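Note sheet for the following structure.
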Amino acid sequence: MESSPLAPDILFTLGWLPISRAVVTTWAIMALLTAVSWLGLRHAGAEAGGVQSVLEIVVETTAKQLEEVFDRDPWPYLPLLGSLFLFLIFANLSAVVPGMKPPTGHIETPAALAGIVFLSVHFFGIRARGVANYASRYLKPNPLLLPLNVLAEFTRTFSLMVRLFGNIMSHEFVIAIVVFLAGLFLPIPFMLLGVLIGIIQAYIFTVLAAVFIAAAVGGVESD
């Protein structure tokens, strides 16, 4: 049993590199998403099959949601944000699989995802506005606010990480307590609630990432 919710659950080591349960679960989810995408799109055509139809619905629905956030063509940002959303859905809901724990319930996974969002914000912002124009946003509305504007970039990323980690980890903690006190079958309603929480948290994380990128891009249309 882990001594702390922040402690990694090490399964094995590759030489000097410890591999945690969260990393293995992440690899499994990535392999599953890759396999589903390949199987669904390897014979893609005008007449969509079952898997292709589902994938098209997911992509088009996600694109419409992002268009409302960006108020522009969302397709340049869809590969990143769509992949992020799908991964979070599968990661958060992996708790319903017996013997698996959601990787987002361990701090390193939300930290890595928040780091990706942090870098992506600046990448898209600089690509759309140029280095000088993008950097000037930190001097507005007053150059004296430069330290606070820079600090805000880190604090909102930290908040993004903690929100995801806290909600997923706390739900797992509650389930463990209920199972210990009441037995196996009573927590089923809590597990169903966990499915809803997992979907909502995936949506919130992705939408906030889209909002951050949209703010960085500003009023300039990116290529």
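The values are calculated or read from the model by the stated rules, or taken from the named source; none is laboratory data. These numbers were taken from a predicted model, which means no experiment stands behind them. As a convention, Cβ positions derive from the backbone with ideal geometry for all residues, glycine included, and neighbour counts pool all protein chains shown.
Counting the residues of the range 74-92 that are of a type in the set (A, V, I, L, M, F, W, C) and at pLDDT below 90 gives 1. The residues in the range 88-120 that are farther than 16 Å from ASN167 by Cα and part of a helix (DSSP H, G or I) can be counted, and the count is 7. Of all residues in the range 112-148, those satisfying the criterion of being surrounded by fewer than 17 Cβ atoms within 10 Å (Cβ to Cβ) and closer than 30 Å to VAL174 by Cβ are ALA112, GLY115, ILE116. Take the residues of the range 153-171 that are out of contact with any Phe, Trp or Tyr (no Cβ under 9 Å at 6 or more places or on another chain) and free of Cβ contacts under 8 Å to residues at least 40 places away in the same chain: which is nearest to GLU108 (Cα to Cα)? Of everything passing the filter in the range 153-171, GLY166 is nearest to GLU108 (Cα to Cα).
Does GLY166 meet the test of being surrounded by fewer than 17 Cβ atoms within 10 Å (Cβ to Cβ) and either assigned to a helix (DSSP H, G or I) or at pLDDT below 85 (or both)?
Values: surrounded by fewer than 17 Cβ atoms within 10 Å (Cβ to Cβ): yes; either assigned to a helix (DSSP H, G or I) or at pLDDT below 85 (or both): yes.
Here the answer is yes, as GLY166 does meet what is asked.
I need the full set of residues from the range 74-87 which are closer than 23 Å to ALA31 by Cα and not in a helix (DSSP H, G or I), in order please.
Within the range 74-87, TYR77 is the sole residue that qualifies.
Based on what the data block shows, is LEU86 of a type outside the set (S, T, N, Q), under 11 Å from the mean Cα position of the chain (by Cα) and buried (at least 20 other Cβ atoms within 10 Å of the Cβ)? Yes: the conditions hold for LEU86. Return the total of residues in the range 191-218 being hydroxyl-bearing (Ser, Thr, Tyr) and crowded, with 21+ Cβ neighbours inside 10 Å. Of the residues in that region, 1 qualify.
Let's see how each residue does on (1) modelled with pLDDT of 90 or more; (2) outside any helix (DSSP H, G or I):
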residue: ALA63; (1), (2): no, no
residue: ARG72; (1), (2): no, yes
residue: HIS122; (1), (2): yes, no
residue: ILE126; (1), (2): yes, no
residue: TYR134; (1), (2): yes, no
residue: LEU144; (1), (2): no, no
residue: LEU151; (1), (2): yes, no
residue: PHE158; (1), (2): yes, no
residue: MET161; (1), (2): yes, no
